[in-house]
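See structure below.
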Amino acid sequence: MSDLTELYKEIAVCRRCILAQGRTKAVPGEGPEDAALMFIGEAPGFHEDRQGRPFVGAAGRFLEELLASIDLTREQVYICNVIKCRPPGNRDPSPAEIEACRPYLDRQIELINPKMIVTLGRFSMARYFPKTSISRIHGRPKRMGGRIIYPMFHPAAALHQPKYRAAIEEDMRRIPQLLAEAEQMVEEEPPPQAEQLSLF
Ligand code: URA
């Protein structure tokens, strides 16, 4: 069994926070273990909780449309959320819940080691950009730890609001170019050991 499958099993029976009490299924995430591109959403909603899969409701359909606009399918990318269980009534995740779930997301990122991470919405953005607003920084890629982090609006927010919708569509269109750059970037960066050697 792969490390990622082990992690999914752990998440399925997790009781680290109160959300375990109300969930139908935990939603660990899905996609190829070697995906170059990873999307991090907020939290499972009603349909995700029922099916145990991320982004399978209206926001998911929109995300699939956005992916299709750059010739990708959801099977080609990794999709997960900041928290793995549905908050009651789809309320915002609490800081304690995000903290309790953080080790799972940390481990997913470590195991998949994507070249580029797209954050969807403010909760996943806050993992990398804690003190700013999404309206200010969406669509602005940042190099971090050998990969590109790219904040975008959440598809659920963008779906029905023309202003955000135009922005998310435009931000999405830049992904192929950024991903190509991210792939280049990692190849060009020497491993830490080689860097050390060049000092002497
Ligand atoms: N919204 C999210 O942030 N994640 C999902 O999985 C579904 C909707």
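For the reader, a short list of remarks on this structure follows.
- Scanning the stretch 81-97 for residues that are touching a Cys at 6+ places or on another chain (Cβ under 9 Å) and either over 21 Å from G60 (Cβ atoms) or of a type outside the set (A, V, I, L, M, F, W, C) (or both) yields N81, K84, P93, S94, A96, E97.
- A single entry from R74, R50, R15, R61 fulfils the requirement of being without any contact (Cβ under 8 Å) to a residue 12 or more places away in the chain, within 12 Å of the ligand (Cβ to nearest atom) and of a type in the set (D, E, K, R): R61.
- Whichever residue in the stretch 152-161 is of a type in the set (A, V, I, L, M) and more than 11 Å from the ligand (Cβ to nearest atom) and, among such residues, is farthest from E42 (Cα to Cα): A158
- Failed condition for D34, given (1) closer than 30 Å to R165 by Cβ; (2) surrounded by fewer than 14 Cβ atoms within 10 Å (Cβ to Cβ): (1)
- Residues of the stretch 124-151 that are within 16 Å of the ligand (Cβ to nearest atom) and closer than 30 Å to M1 by Cβ: S124, R127.
- In the stretch 75-124, the qualifying residues are those that are of a type in the set (S, T, Y) and over 18 Å from M152 (Cα atoms), and the one that is surrounded by the most Cβ atoms within 10 Å (Cβ to Cβ) is Y104.
- Scanning the stretch 99-117 for residues that are assigned to a helix (DSSP H, G or I) and not charged (D, E, K, R) yields a total of 9.
- Residues located in the stretch 32-52, provided they are assigned to a loop (DSSP other than H, G, I, E, B) and either within 18 Å of G121 (Cβ to Cβ) or touching a Cys at 6+ places or on another chain (Cβ under 7 Å) (or both): E42, A43, P44, G45
- The condition of being within 16 Å of the ligand (Cβ to nearest atom) and among the acidic types (D, E) holds for only one of D34, D92, that being D92.
- Selected residue (only one of I117, I79, I98 is within 16 Å of the ligand (Cβ to nearest atom), closer than 20 Å to Q21 by Cα and of a type in the set (V, I, T)): I98
- If the condition is being part of a helix (DSSP H, G or I) and under 17 Å from D171 (Cα atoms), then the stretch 61-89 contributes F62, L63, E64, E65, L66, L67, A68.
Bear in mind that the values in this text are calculations on the coordinates, not laboratory data. Quantities reported herein were computed from a predicted structural model and do not represent experimental measurements. Note that each Cβ is placed from the backbone with ideal geometry, even for glycine, and that neighbours are counted across all protein chains shown.
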